[in-house]
């Protein structure tokens, strides 16, 4: 359900309205299965998105929707790392984990993750694209 909500909004207002619903579904999923790789991954993405909101978006969440949920890059990284442990072959998680490390000023960790990403075999139709994007990001960090 969280994935559906995450993909279904069209604008900023709608995104802000669905933020709490997405979090609620992810928390419920992780209560049922704490090591579910996709739920852990989505919780990481959620933390990246919320922590990266601009001042106006954060103000809107606070004012109109009952508060600002707690979110941070370190928390996102923790969820991405848990997802990696739960499914070490989920390539999109590696890419987003590397981006989070880079954004958090940890380029050395990003490089380490990207080196692992480009060596993993593709499992889905999208994986070659993630590997290509990871290679470009890696080259920009070297």
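Residue exposure proxy: 57, 27, ordered by other Cβ atoms within 10 angstrom of their Cβ from fewest to most, comes out as 27, 57. Remark: relative contact order (the range 88-142) = 40 percent; criterion is Cα-Cα distance under 8 angstrom and separation of 6 or more residues. With the simple model of a label 7 Å out from the Cα in the direction of the Cβ, residue 126 to residue 33 spans 1.8 nm. Ordering 51, 107 by the number of other Cβ atoms within 10 Å of each residue's own Cβ, fewest first, gives 107, 51. Note on the range 24-142: semi-axes of the ellipsoid equivalent to its C-alpha gyration tensor, largest first and rounded to whole Å, are 26, 18, 11. Out of all Cα-Cα pairs in the range 88-142, roughly what percent, to the nearest whole number, are more than 17 Å apart? Roughly 24 percent, rounded to a whole number. Ordering 55, 48 by the number of other Cβ atoms within 10 Å of each residue's own Cβ, fewest first, gives 55, 48.
Laboratory data are not the source of any read-out in this text; all were calculated from the coordinates shown. Because the structure is a prediction, the values reported are computed rather than measured. Cβ atoms come from the backbone with ideal geometry, glycine included; neighbour counts cover every protein chain shown.
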